[in-house]
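Reading through the structure tokens given below for one structure.
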Amino acid sequence: MARKPLMAGNWKMNNTISEAVVLTQEISNHFERDWDESVDVLICPPYVDLKPVWTVLDFDKTGIGVAAQNVYWEQKGAYTGEISVPMIKEIGCVASIVGHSERRELFGETNEDVNRKVKALTDADMFAIVCVGESLAIRDEGTTLDYVCAQVRAAFAGIDVFKARDCVVAYEPIWAIGTGRTATPEQAEEVCAAIRTTIADLYDEDTAEGMRVLYGGSMNPGNVAALLEMPNIDGGLIGGASLDASSFITLIEACI
Ligand code: PGA
């Protein structure tokens, strides 16, 4: 089954509203409208930038969508500082990243939290971009596949197949994030293939074949082609290189 590639730019905690509008305009200016047929593109800016970024993309009819970087699982109430699924949905988001390693490591997010977020998103007919990935210590120990596949199982626990189908898994080895040290295409492929096997095991072959598995971790214009050549890598979750319009456009073009 041919899977349509997805390139998602994770801006992390970068860009004020005015900076975000300028960068989005630059991306939009260089985005060819017919690329929509060959690749899905998402921008994941900080919450405060979501509305202005979406306004530019929508006005320019780019076909590029917006997604949040995180979301809370409760609908509303006394959760100071949190943002709910209905809030990001009304802004125009189609998805949210969940379980990014920075959230797990710096903000104590657990596998159970990730699962609640996947459930809240899919219950609202949105999709989750579920991040998984091992530390260098786990890789050196030789338990990467067990560790990552357990994260995948936990994220999808109790999620109905029809809701899971639209979700995306992003394999992001922690040692490759923002370090300039990319996993080799073979290392990334090995884990992405194991993720797909886990999905087949949890659900069925069709669901596994249809689900997009992304690679993330220092993806850049120099390494993108070799990574995308791998049969189980269906695109990228891009941090640093998505903050520059021309490199993000180059990464998108690599999917065409
Ligand atoms: P990076 O970040 O591309 O800067 O390594 C990727 C990510 O954390 O999603």
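The values are calculated or read from the model by the stated rules, or taken from the named source; none is laboratory data. A quick note: this is a predicted structure, and the numbers were derived from the prediction, not measured. We place every Cβ from the backbone using ideal geometry, glycine too, and count neighbours over all the protein chains shown. In case anyone asks, the SASA skips ligands and DNA or RNA and just uses the protein heavy atoms, side chains included. Shrake-Rupley method; radii C 1.70, N 1.55, O 1.52, S 1.80 Å.
Of note:
- Options Leu42, Leu23, Leu106: the member that is under 24 Å from Tyr147 (Cα atoms) and outside any loop (DSSP other than H, G, I, E, B): Leu106
- Checking each residue in region 167-185 for being open to solvent by less than 10 Å² (accessible area, probe 1.4 Å), more than 10 Å from the ligand (Cβ to nearest atom) and over 13 Å from the mean Cα position of the chain (by Cα) picks out only Ala183.
- Verdict on Val66 being in contact (Cβ under 8 Å) with a residue 12 or more places away in the chain, part of a strand (DSSP E or B) and surrounded by fewer than 22 Cβ atoms within 10 Å (Cβ to Cβ): no
- Residue match in region 107-124 (condition: surrounded by 23 or more Cβ atoms within 10 Å (Cβ to Cβ) and over 26 Å from Met230 (Cβ atoms)): yes
- Pick from region 84-96, criterion within 14 Å of Ala8 (Cα to Cα) and open to solvent by less than 40 Å² (accessible area, probe 1.4 Å), ranking: farthest from the ligand (Cβ to nearest atom): Cys93
- Hits in region 85-99 (condition: closer than 22 Å to Trp54 by Cα and in contact (Cβ under 8 Å) with a residue 24 or more places away in the chain): Val85, Pro86, Ile88, Lys89, Ile91, Gly92, Cys93, Val94, Ala95, Ser96, Ile97, Val98
- Single match in Gly99, Gly81, Gly108 (criterion: within 16 Å of the ligand (Cβ to nearest atom) and at positive phi): Gly99
- Criterion: in contact with a strand residue (DSSP E or B) (Cβ under 7 Å, 6 or more places away or on another chain), on the phi < 0 side of the Ramachandran plot and free of Cβ contacts under 8 Å to residues at least 40 places away in the same chain - qualifying residue of Arg181, Arg196, Arg212: Arg196
Yes/no per residue for (1) within 11 Å of the ligand (Cβ to nearest atom); (2) closer than 19 Å to Val39 by Cα; (3) surrounded by fewer than 19 Cβ atoms within 10 Å (Cβ to Cβ):
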| residue | (1), (2), (3) |
| --- | --- |
| Arg196 | no, no, no |
| Leu202 | no, no, yes |
| Thr207 | no, no, yes |
| Leu214 | yes, yes, no |
| Asn220 | yes, yes, yes |
| Ala225 | no, yes, yes |
| Pro231 | no, yes, yes |
| Gly239 | yes, yes, no |
| Ile252 | no, yes, no |
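- Taken together, the criteria place Glu19 among residues that are surrounded by fewer than 19 Cβ atoms within 10 Å (Cβ to Cβ), within 17 Å of Gly240 (Cβ to Cβ) and more than 16 Å from the ligand (Cβ to nearest atom).
- Residues of region 85-103 satisfying the condition of being in contact with a Phe, Trp or Tyr (Cβ under 6 Å, 6 or more places away or on another chain) and outside any loop (DSSP other than H, G, I, E, B): Ala95
- Among residues of region 232-244 that are on the phi > 0 side of the Ramachandran plot, those with a beta-carbon under 7 Å from a residue that is not hydrophobic (A, V, I, L, M, F, W, C) at least six positions away or on a different chain give the pairs Gly235/Pro5; Gly235/Arg212.
- Near pairs, Cβ below 7 angstrom, 6+ apart or cross-chain, from region 101-123 (closer than 14 Å to Ala155 by Cα) to any residue that is modelled with pLDDT under 95 and buried (at least 20 other Cβ atoms within 10 Å of the Cβ): Ser101/Ile177
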